[in-house]
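Handing you a structure now.
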Amino acid sequence: MNTLAMADRVVHLVDDEAAVLDALAFLLSSRGMQVHPHESGPAFLAALDAGPRPPRGVIVLDIRMEPMSGLRVHDELVSRGVRNPVLFLSGHGDIPMAVDALKKGAFDFLEKPYSDNALADRIEQALAVAAAMHQGDTLAAEREARLASLTEREREVMLRVAAGKLNKVIADELHVSVRTVEVHRARVYAKLGVRSAAEVATLIAGG
(Lines give C-alpha, C1' and ligand atoms only; values in the text may rest on other atoms or scores of the structure.)
Protein backbone atom coordinates (compact mmCIF):
# COMPACT_ATOMS: atom_id res chain seq x y z
CA MET A 1 0.00 0.00 0.00
CA ASN A 2 1.36 3.45 -0.95
CA THR A 3 2.28 5.55 2.06
CA LEU A 4 3.02 8.84 0.29
CA ALA A 5 0.68 11.73 1.08
CA MET A 6 -1.27 13.20 -1.85
CA ALA A 7 0.91 16.31 -1.70
CA ASP A 8 3.91 14.08 -2.49
CA ARG A 9 2.20 12.30 -5.41
CA VAL A 10 2.45 15.14 -7.92
CA VAL A 11 3.37 14.36 -11.53
CA HIS A 12 4.14 17.14 -14.01
CA LEU A 13 3.38 15.55 -17.38
CA VAL A 14 4.69 17.25 -20.53
CA ASP A 15 3.80 16.05 -24.04
CA ASP A 16 2.80 17.97 -27.17
CA GLU A 17 0.45 15.22 -28.41
CA ALA A 18 -2.96 15.83 -26.85
CA ALA A 19 -4.12 12.22 -27.17
CA VAL A 20 -0.97 10.89 -25.47
CA LEU A 21 -1.20 13.55 -22.76
CA ASP A 22 -4.82 12.67 -22.01
CA ALA A 23 -4.13 8.92 -21.94
CA LEU A 24 -1.15 9.25 -19.61
CA ALA A 25 -3.00 11.67 -17.34
CA PHE A 26 -5.89 9.19 -17.06
CA LEU A 27 -3.52 6.29 -16.35
CA LEU A 28 -1.60 8.09 -13.61
CA SER A 29 -4.73 9.61 -12.06
CA SER A 30 -6.16 6.09 -11.81
CA ARG A 31 -3.09 5.18 -9.74
CA GLY A 32 -3.86 7.95 -7.25
CA MET A 33 -1.40 10.52 -8.58
CA GLN A 34 -2.08 14.24 -8.79
CA VAL A 35 -1.36 14.94 -12.47
CA HIS A 36 -0.53 18.39 -13.88
CA PRO A 37 -0.60 18.04 -17.70
CA HIS A 38 1.24 20.53 -19.91
CA GLU A 39 0.97 20.69 -23.70
CA SER A 40 4.48 22.03 -24.32
CA GLY A 41 7.82 22.72 -22.71
CA PRO A 42 7.33 26.50 -22.55
CA ALA A 43 3.86 26.04 -20.98
CA PHE A 44 5.35 23.77 -18.33
CA LEU A 45 8.22 26.14 -17.53
CA ALA A 46 5.79 29.06 -17.24
CA ALA A 47 3.64 27.04 -14.82
CA LEU A 48 6.75 26.09 -12.89
CA ASP A 49 7.77 29.73 -12.52
CA ALA A 50 4.31 30.61 -11.23
CA GLY A 51 4.15 27.74 -8.72
CA PRO A 52 5.74 26.97 -5.36
CA ARG A 53 9.51 26.62 -5.07
CA PRO A 54 10.87 24.06 -4.87
CA PRO A 55 8.14 22.25 -6.83
CA ARG A 56 6.78 18.97 -5.49
CA GLY A 57 6.78 15.61 -7.24
CA VAL A 58 8.34 14.33 -10.45
CA ILE A 59 8.53 15.49 -14.05
CA VAL A 60 7.77 13.29 -17.07
CA LEU A 61 9.03 14.63 -20.41
CA ASP A 62 8.59 13.33 -23.93
CA ILE A 63 11.93 13.72 -25.74
CA ARG A 64 10.56 14.80 -29.12
CA MET A 65 8.32 17.85 -28.67
CA GLU A 66 7.69 21.15 -30.44
CA PRO A 67 8.58 23.95 -30.09
CA MET A 68 10.94 22.83 -27.31
CA SER A 69 12.33 19.31 -26.97
CA GLY A 70 12.28 17.44 -23.69
CA LEU A 71 16.07 17.63 -23.63
CA ARG A 72 15.97 21.43 -23.85
CA VAL A 73 13.36 21.52 -21.10
CA HIS A 74 15.63 19.37 -18.95
CA ASP A 75 18.58 21.69 -19.61
CA GLU A 76 16.38 24.60 -18.48
CA LEU A 77 15.45 22.74 -15.30
CA VAL A 78 19.13 22.05 -14.55
CA SER A 79 20.06 25.69 -15.14
CA ARG A 80 17.27 26.80 -12.78
CA GLY A 81 18.40 24.44 -10.06
CA VAL A 82 15.24 22.29 -10.24
CA ARG A 83 16.35 18.90 -8.93
CA ASN A 84 13.10 16.93 -9.05
CA PRO A 85 13.41 13.45 -10.56
CA VAL A 86 12.90 13.61 -14.34
CA LEU A 87 11.76 10.64 -16.45
CA PHE A 88 11.99 10.71 -20.24
CA LEU A 89 9.70 8.92 -22.69
CA SER A 90 11.85 8.04 -25.70
CA GLY A 91 11.64 6.29 -29.03
CA HIS A 92 14.29 3.72 -29.97
CA GLY A 93 16.30 6.27 -31.95
CA ASP A 94 16.35 8.61 -28.97
CA ILE A 95 18.35 6.29 -26.69
CA PRO A 96 21.75 8.04 -27.16
CA MET A 97 20.06 11.34 -26.30
CA ALA A 98 18.35 9.78 -23.30
CA VAL A 99 21.64 8.37 -22.03
CA ASP A 100 23.14 11.85 -22.32
CA ALA A 101 20.24 13.15 -20.23
CA LEU A 102 20.98 10.51 -17.59
CA LYS A 103 24.51 11.85 -17.36
CA LYS A 104 23.00 15.26 -16.62
CA GLY A 105 21.03 13.83 -13.71
CA ALA A 106 17.76 12.53 -15.18
CA PHE A 107 16.15 9.75 -13.12
CA ASP A 108 15.45 7.33 -15.97
CA PHE A 109 13.99 6.91 -19.43
CA LEU A 110 11.44 4.49 -20.78
CA GLU A 111 11.67 3.36 -24.37
CA LYS A 112 8.46 3.25 -26.41
CA PRO A 113 6.42 1.14 -26.51
CA TYR A 114 6.36 0.80 -22.74
CA SER A 115 3.73 -0.94 -20.67
CA ASP A 116 1.37 1.11 -18.53
CA ASN A 117 2.42 -0.77 -15.42
CA ALA A 118 6.13 -0.29 -16.09
CA LEU A 119 5.65 3.46 -16.50
CA ALA A 120 3.45 3.83 -13.42
CA ASP A 121 5.82 1.71 -11.31
CA ARG A 122 8.88 3.77 -12.29
CA ILE A 123 6.99 6.98 -11.49
CA GLU A 124 6.01 5.54 -8.09
CA GLN A 125 9.71 4.94 -7.36
CA ALA A 126 10.61 8.44 -8.53
CA LEU A 127 7.87 9.92 -6.33
CA ALA A 128 9.37 8.22 -3.27
CA VAL A 129 12.75 9.74 -4.12
CA ALA A 130 11.19 13.18 -4.69
CA ALA A 131 9.49 13.02 -1.30
CA ALA A 132 12.78 12.13 0.39
CA MET A 133 14.54 14.99 -1.40
CA HIS A 134 11.83 17.41 -0.34
CA GLN A 135 12.30 16.35 3.26
CA GLY A 136 15.91 17.46 3.08
CA ASP A 137 18.13 14.39 2.82
CA THR A 138 19.27 15.48 -0.64
CA LEU A 139 22.60 13.68 -1.02
CA ALA A 140 21.23 10.36 0.21
CA ALA A 141 18.13 10.81 -1.93
CA GLU A 142 20.18 11.51 -5.05
CA ARG A 143 22.22 8.36 -4.41
CA GLU A 144 19.03 6.36 -3.97
CA ALA A 145 17.59 7.92 -7.12
CA ARG A 146 20.54 6.81 -9.19
CA LEU A 147 20.46 3.28 -7.79
CA ALA A 148 16.69 3.07 -8.21
CA SER A 149 16.99 4.01 -11.89
CA LEU A 150 18.75 0.70 -12.66
CA THR A 151 16.87 -2.20 -14.17
CA GLU A 152 17.14 -5.61 -12.51
CA ARG A 153 19.71 -6.79 -15.06
CA GLU A 154 21.70 -3.56 -14.75
CA ARG A 155 21.73 -4.04 -10.98
CA GLU A 156 23.08 -7.59 -11.44
CA VAL A 157 25.86 -6.25 -13.66
CA MET A 158 26.54 -3.37 -11.24
CA LEU A 159 27.13 -5.69 -8.28
CA ARG A 160 29.59 -7.78 -10.28
CA VAL A 161 31.38 -4.71 -11.62
CA ALA A 162 31.71 -3.38 -8.06
CA ALA A 163 33.26 -6.71 -7.08
CA GLY A 164 35.94 -6.16 -9.73
CA LYS A 165 34.85 -8.93 -12.09
CA LEU A 166 35.82 -8.78 -15.76
CA ASN A 167 33.19 -8.49 -18.49
CA LYS A 168 33.85 -12.06 -19.68
CA VAL A 169 33.33 -13.44 -16.17
CA ILE A 170 30.13 -11.44 -15.77
CA ALA A 171 28.91 -12.67 -19.17
CA ASP A 172 29.52 -16.30 -18.16
CA GLU A 173 27.73 -15.86 -14.82
CA LEU A 174 24.69 -14.18 -16.38
CA HIS A 175 24.66 -16.41 -19.49
CA VAL A 176 24.78 -13.45 -21.89
CA SER A 177 27.28 -12.19 -24.47
CA VAL A 178 30.26 -10.01 -23.56
CA ARG A 179 28.77 -7.29 -25.81
CA THR A 180 25.55 -7.35 -23.77
CA VAL A 181 27.57 -6.90 -20.59
CA GLU A 182 29.43 -3.97 -22.17
CA VAL A 183 26.13 -2.27 -23.03
CA HIS A 184 24.72 -2.80 -19.54
CA ARG A 185 27.98 -1.64 -17.98
CA ALA A 186 27.90 1.58 -20.02
CA ARG A 187 24.30 2.22 -18.98
CA VAL A 188 25.17 1.58 -15.31
CA TYR A 189 28.04 4.07 -15.47
CA ALA A 190 25.81 6.66 -17.18
CA LYS A 191 22.94 6.26 -14.73
CA LEU A 192 25.19 6.31 -11.67
CA GLY A 193 27.32 9.17 -12.97
CA VAL A 194 30.58 7.25 -12.49
CA ARG A 195 33.55 6.31 -14.67
CA SER A 196 35.11 3.29 -12.97
CA ALA A 197 34.36 0.11 -11.05
CA ALA A 198 35.92 1.69 -7.96
CA GLU A 199 33.44 4.58 -8.13
CA VAL A 200 30.58 2.08 -8.48
CA ALA A 201 31.76 0.29 -5.33
CA THR A 202 32.04 3.59 -3.45
CA LEU A 203 28.54 4.65 -4.47
CA ILE A 204 27.04 1.34 -3.36
CA ALA A 205 28.81 1.67 -0.04
CA GLY A 206 27.28 5.11 0.41
CA GLY A 207 30.56 6.92 0.23
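The values are calculated or read from the model by the stated rules, or taken from the named source; none is laboratory data. Owing to the predicted nature of the structure, the values given are computational and were not obtained by experimental measurement. No Cβ is skipped: glycine too gets one built from the backbone with ideal geometry, and neighbour counts run over all protein chains shown. Side chains are part of the model used for accessible areas, which takes the heavy atoms of the whole protein and leaves out ligands, DNA and RNA. Shrake-Rupley method; radii C 1.70, N 1.55, O 1.52, S 1.80 Å.
Looking only at the range 185-200, which residues are open to solvent by 40 Å² or more (accessible area, probe 1.4 Å) and assigned to a helix (DSSP H, G or I)?
Residues satisfying the conditions are Arg185, Ala186, Arg187, Tyr189, Ala198, Glu199.
Residue under question is Arg72, and the condition is that it be open to solvent by 70 Å² or more (accessible area, probe 1.4 Å), under 18 Å from Lys104 (Cβ atoms) and part of a loop (DSSP other than H, G, I, E, B); does it hold?
On the way: open to solvent by 70 Å² or more (accessible area, probe 1.4 Å): yes; under 18 Å from Lys104 (Cβ atoms): yes; part of a loop (DSSP other than H, G, I, E, B): no.
So Arg72 fails the test.
Determine if the range 117-129 includes at least one residue that is open to solvent by 60 Å² or more (accessible area, probe 1.4 Å) and among the polar types (S, T, N, Q).
Scanning the range 117-129, I find at least one residue that is open to solvent by 60 Å² or more (accessible area, probe 1.4 Å) and among the polar types (S, T, N, Q), so the answer is yes.
Across the range 75-105, what is the total count of residues that are under 17 Å from Glu154 (Cα atoms), open to solvent by 10 Å² or more (accessible area, probe 1.4 Å) and of a type in the set (Gly, Ala, Ser)?
Going through the range 75-105 one residue at a time, the tally reaches 0.
Is it fair to say Glu17 is modelled with pLDDT under 95 and exposed (fewer than 15 other Cβ atoms within 10 Å of the Cβ)?
So Glu17 fits the description; yes.
Those residues that are touching a helix residue (DSSP H, G or I) at 6+ places or on another chain (Cβ under 6 Å) and outside any loop (DSSP other than H, G, I, E, B), I need them from the range 46-69; list them, please.
Within the range 46-69, Val58, Leu61, Asp62 qualify.
Among all residue pairs at least 6 apart or on different chains, which show Cβ distances below 6 Å where the first residue, located in the range 72-100, is farther than 18 Å from Val10 by Cβ and touching a residue at least 40 places away in the same chain (Cβ under 8 Å) and the second is assigned to a helix (DSSP H, G or I) and not hydroxyl-bearing (Ser, Thr, Tyr)?
Once the first residue is farther than 18 Å from Val10 by Cβ and touching a residue at least 40 places away in the same chain (Cβ under 8 Å) and sits in the range 72-100, its partners that are assigned to a helix (DSSP H, G or I) and not hydroxyl-bearing (Ser, Thr, Tyr) give Val99/Ala190.
Condition first: surrounded by 14 or more Cβ atoms within 10 Å (Cβ to Cβ) and more than 24 Å from Arg143 (Cβ to Cβ). Now tell me which residues in the range 164-177 satisfy that.
Asn167, Val169, Ala171, Leu174, Val176 - these are the residues of the range 164-177 that are surrounded by 14 or more Cβ atoms within 10 Å (Cβ to Cβ) and more than 24 Å from Arg143 (Cβ to Cβ).
Residue by residue through the range 21-40, note down the ones that are over 15 Å from Glu124 (Cα atoms), open to solvent by less than 50 Å² (accessible area, probe 1.4 Å) and modelled with pLDDT under 95.
If the condition is that a residue be over 15 Å from Glu124 (Cα atoms), open to solvent by less than 50 Å² (accessible area, probe 1.4 Å) and modelled with pLDDT under 95, then Leu21 is the only one that fits.
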